[in-house]
Amino acid sequence: MLPEVTCPDPTTLSRIAAELMHSAIARAVSSRGVARIALSGGSTPREAYRLLGALPFDRERTRWFWVDERSVPPDSARSNFALARDELLSPAGVPLHSVFRMEAEREPIAEAARSYAELLLREFALDEPAALELDEAGRSPLAFDLVVAGIGPDGHTASLFPGTGAALREDSLVVAVAPGSGLEPRLSLSRPVLVGAHRILILCTGREKRAAVARAQSQGSEEEVPARIYQRARPGAVTLLVDRDAAE
Ligand code: 6PG
């Protein structure tokens, strides 16, 4: 079971999420001199990002990446980059040279996936064979200090959608995904990278997430319920923050 923290309402959840992100960043900066953070999009983290942007973290020692991105221009209202830029990074005055967006609108998208993987290898000073040498739980040694994730009602996390095979990929750090159902193509960090993070914060609110949260906690296929991948994370790494409506 993933450790689950139930908050009375979405407002409290956003406040606690911002505090947990803030402490993960502070811990990474004090132990490693830098905090590398991978952010999700979607609607749930918006308020937490806004609150985090007003907290006093070290702007010069944080480096910002994305968990996933939709194939839309960076100014689109559907862009995960735009969400984080508008709510967190710009208001906080994070320098542009510390912001590394996924260019998922580039074609072919497989090349965009490759470029982001190369960027990560440079950032973490690893080569690809080493970064894909997974431990017994399938975790990459390329470890973000903080991953902020969500879960969709269909059990997807990041852009690892059920039935696409994306949650099972261990052959690259970044995968291109065609989610279907009229959604645009996406880029996503792959399972080994997501589950390898030092700290993983999963945010879920609302009754329509309740079944998916329960399935993420149960045993079974990751292809059916990609959010189950977090069961592979390091002990103590994951916190699943839910509001009362999303809790079992
Ligand atoms: C995205 C996300 C995605 C998200 C879930 C939950 O691009 O959509 O990164 O993985 O976390 O879909 O989204 P909501 O917060 O909107 O429910």
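The values are calculated or read from the model by the stated rules, or taken from the named source; none is laboratory data. For clarity, every value in this text was computed on a predicted model and none was experimentally measured. All Cβ positions, even for glycine, are placed from backbone atoms using ideal geometry, and neighbour counts span all protein chains on display. Surface accessibility is based on the protein's heavy atoms, side chains included, excluding ligands, DNA and RNA. Shrake-Rupley method; radii C 1.70, N 1.55, O 1.52, S 1.80 Å.
Of all residues in segment 39-49, those that are farther than 18 Å from L96 by Cα and either among the aliphatic types (A, V, I, L, M) or open to solvent by 50 Å² or more (accessible area, probe 1.4 Å) (or both) total 4. Within segment 186-206, if we keep just the residues that are within 12 Å of the ligand (Cβ to nearest atom) and open to solvent by 10 Å² or more (accessible area, probe 1.4 Å), the residue that is nearest to E118 (Cα to Cα) turns out to be R186. For first residues located in segment 131-154 and among the acidic types (D, E), partners that are assigned to a strand (DSSP E or B) and open to solvent by less than 10 Å² (accessible area, probe 1.4 Å) and lie 6+ apart or on another chain with Cβ distances below 7 Å form the pairs D145/A35; D145/I37. Please tell me if R36 is more than 16 Å from the ligand (Cβ to nearest atom) and either open to solvent by 40 Å² or more (accessible area, probe 1.4 Å) or among the acidic types (D, E) (or both). Yes: the conditions hold for R36. Taken over segment 207-221, the residue count meeting the criterion of being open to solvent by 10 Å² or more (accessible area, probe 1.4 Å) and either in contact (Cβ under 8 Å) with a residue 60 or more places away in the chain or not in a loop (DSSP other than H, G, I, E, B) (or both) is 8.
Annotation: of all residues in segment 139-173 being outside any loop (DSSP other than H, G, I, E, B) and within 14 Å of the ligand (Cβ to nearest atom), the one that is most open to solvent (accessible area, probe 1.4 Å) is G150. None of D75, D68 is surrounded by 23 or more Cβ atoms within 10 Å (Cβ to Cβ) and out of contact with any Asp or Glu (no Cβ under 8 Å at 6 or more places or on another chain) except D68. Restricting attention to segment 227-235, does a residue exist that is assigned to a loop (DSSP other than H, G, I, E, B), open to solvent by 10 Å² or more (accessible area, probe 1.4 Å) and closer than 24 Å to P10 by Cα? No: segment 227-235 contains no residue that is assigned to a loop (DSSP other than H, G, I, E, B), open to solvent by 10 Å² or more (accessible area, probe 1.4 Å) and closer than 24 Å to P10 by Cα.
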